[in-house]
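Working notes, structure below.
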Amino acid sequence: MYKIATIGGDGIGPEIVDVGKKVLEAAGEKFSFEIEWTDFDIGADRYLATGELLTEDDLTDLKEFKALYFGAIGDERVKPGILEKGILLALRFHFDQYVNLRPIRLLDGVETPLAGKGPAEIDFVVVRENTEDFYVGIGSRLQKHQKIDLTVGRDLYNVKFGLDVESDAEEIAYQIGVITREGSRRVQTYAFDLAKRRERILTSVDKANVLSDVYGLWREVFTETAKRYPDVKTEFNYVDAITMWFVKNPEWFDVVVTPNMFGDIITDLGAMIQGGLGLAPGGNINPGGTSMFEPIHGSAPKYRGMDVANPIATIWAGSLLLDHIGEDEAATAVVSAIEKSIRDGVVTKDMGGSAGTAKAGAYIAECVKKGK
Ligand code: IPM
Ligand code: MG
């Protein structure tokens, strides 16, 4: 019996999580385990009604779970950034989910926009650092004649940036990226362990040629960590170059480890080469704590309640969840069932089919139960 928390969130989030839950329950039936779900009402509706994003109670309750199944957040009634930062990023940071695991794999029967490439060429995993870099939230905006005091204090780092900035500009804005030795080491170690199992190559992404302080440290730690893994073949790619190679030679990649912001960017590119955002899952992992599994797409508010959203990314995220809790056979069966639904053409409109969200999901659940 597993206890799993769900946060449907906004827009299409609740529908796709509902469908995902049914598929995981089907996997439970087939592989003899049970799931007890606890649904959390977190998202735009509650925020608009009460002003609450994440409460202390939410965090205390969620902490009891090893895995959270997350839909999507974002709503046209709320200014961009509030829900994203106040809920999604807050959860990732609060639970110290330092690995953002994003498989980029072209499933059988899915079309990629890359000419001449198929499932054999597009099969790698991006390990995105998930708690540092430009996502730490240190920044500000200042207007002319406003006193410029760039002293920034945060509990965690307690850094004082005693910068003297003289500027005639009408307004300035700044944002500071922070990379730590420990933060780089732990996520890179995770990537090395994965690369060791997959036995091909580990690529590290940075921009150490220009942003040489933050990504210089990242690269230095990578070089050190590599010494502990003599069997793992490694290489460096600058982030601009890797976007080029993802398109031209995706078959070169196996495991890719990247700082947070570059990871955000290159995984949207990755999602496109694996057939679109409707097919791209992600796991936010804290190996010793509370992890969270989600589709990497957003909440698509204009499709809310219309039964048109593609549930595959969420179902696949459910497979990552199963893998995380140790049900690896069930996890594999879920992905096989997704592939079967694609082969049989029981897919949503974005993939050229005519099934609604619920029907496409129910078909996958059926395939899991039947074991094909
Ligand atoms: C993602 C998203 C988020 C991110 C946003 C919504 C905060 O783009 O999961 O990739 O930037 O990490
Ligand atoms: Mg993103």
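Structural remarks
- Scan of region 267-281 for residues that are within 14 Å of ligand 2 (Cβ to nearest atom) and part of a helix (DSSP H, G or I), ordered by number: Thr267, Asp268, Leu269, Gly270, Ala271, Met272, Leu277
- Tabulated pairs, region 72-93, first charged (D, E, K, R), second near ligand 1 (Cβ under 10 Å from one of its atoms) and at pLDDT 95 or above, C-beta under 6 angstrom, 6+ apart or interchain: Arg92/Asn130; Arg92/Asn284
- Asp254 closer than 18 Å to Arg105 by Cα, within 14 Å of ligand 2 (Cβ to nearest atom) and in contact with a Leu (Cβ under 8 Å, 6 or more places away or on another chain): no
- For the residues Phe33, Phe40, the requirement of being more than 19 Å from the chain's Cα centre (by Cα), away from ligand 1 (no atom under 16 Å from the Cβ) and in contact (Cβ under 8 Å) with a residue 40 or more places away in the chain singles out Phe33.
- Checked across region 216-231, the condition of being within 16 Å of ligand 1 (Cβ to nearest atom) and either within 21 Å of Gly118 (Cβ to Cβ) or among the aromatic types (Phe, Trp, Tyr) (or both) holds for no residue.
- Taking region 110-133 as the range and being within 16 Å of the chain's Cα centre (by Cα) and outside any loop (DSSP other than H, G, I, E, B) as the test, the residues that pass are Phe124, Val125, Val126, Val127, Arg128, Glu129, Asp133.
- Here the condition is being touching a strand residue (DSSP E or B) at 6+ places or on another chain (Cβ under 6 Å) and buried (at least 16 other Cβ atoms within 10 Å of the Cβ); of Tyr229, Tyr215, Tyr238, it holds for Tyr215 alone.
- Any chance Thr234 is assigned to a helix (DSSP H, G or I) and polar (S, T, N, Q): no
- Residue within region 252-266 that is within 16 Å of ligand 1 (Cβ to nearest atom), touching a residue at least 60 places away in the same chain (Cβ under 8 Å), surrounded by fewer than 22 Cβ atoms within 10 Å (Cβ to Cβ) and closer than 30 Å to Leu62 by Cα present: yes
- For region 79-100, the criterion of being closer than 15 Å to Asn286 by Cβ, small (Gly, Ala, Ser) and surrounded by 15 or more Cβ atoms within 10 Å (Cβ to Cβ) is met by at least one residue.
- Some residue of region 59-78 being farther than 22 Å from Ile296 by Cα, among the charged types (D, E, K, R) and in a helix (DSSP H, G or I): yes
- All positions within region 274-301 that are free of Cβ contacts under 8 Å to residues at least 60 places away in the same chain and more than 28 Å from Glu251 (Cβ to Cβ): Gly288
- Boolean, Phe262 is assigned to a helix (DSSP H, G or I), within 16 Å of ligand 2 (Cβ to nearest atom) and among the aromatic types (Phe, Trp, Tyr): yes
- Among residues of region 1-21 that are more than 15 Å from Gly74 (Cα to Cα), those with a beta-carbon under 7 Å from a residue that is of a type in the set (A, V, I, L, M, F, W, C) and part of a strand (DSSP E or B) at least six positions away or on a different chain give the pairs Tyr2/Ile35; Ile4/Ile35; Ile4/Trp37; Ile4/Ala67; Ala5/Leu68; Thr6/Trp37; Lys21/Trp37.
- Among the residues listed as Asp168, Asp164, Asp193, the single one being at pLDDT 95 or above and acidic (Asp, Glu): Asp193
- Taken over region 279-306, the criterion of being small (Gly, Ala, Ser), surrounded by fewer than 24 Cβ atoms within 10 Å (Cβ to Cβ) and under 19 Å from Glu15 (Cβ atoms) is satisfied by Gly298, Ala300, Gly305.
- Residue match in region 196-210 (condition: within 16 Å of ligand 2 (Cβ to nearest atom), at pLDDT 95 or above and buried (at least 18 other Cβ atoms within 10 Å of the Cβ)): yes
- Single unsatisfied condition, Glu132 versus (1) surrounded by fewer than 17 Cβ atoms within 10 Å (Cβ to Cβ); (2) modelled with pLDDT of 95 or more: (1)
- Restricting region 85-109 to residues that are modelled with pLDDT of 95 or more and part of a loop (DSSP other than H, G, I, E, B), the residue that is nearest to Ile342 (Cα to Cα): Leu107
- So Ala309, is it assigned to a helix (DSSP H, G or I), buried (at least 22 other Cβ atoms within 10 Å of the Cβ), touching a helix residue (DSSP H, G or I) at 6+ places or on another chain (Cβ under 7 Å) and not basic (Lys, Arg): no
The values are calculated or read from the model by the stated rules, or taken from the named source; none is laboratory data. The shown structure was predicted, so the numbers you read here are calculated from the model rather than taken from an experiment. Neighbour counts run over all protein chains shown; Cβ positions are idealised from the backbone, glycine included.
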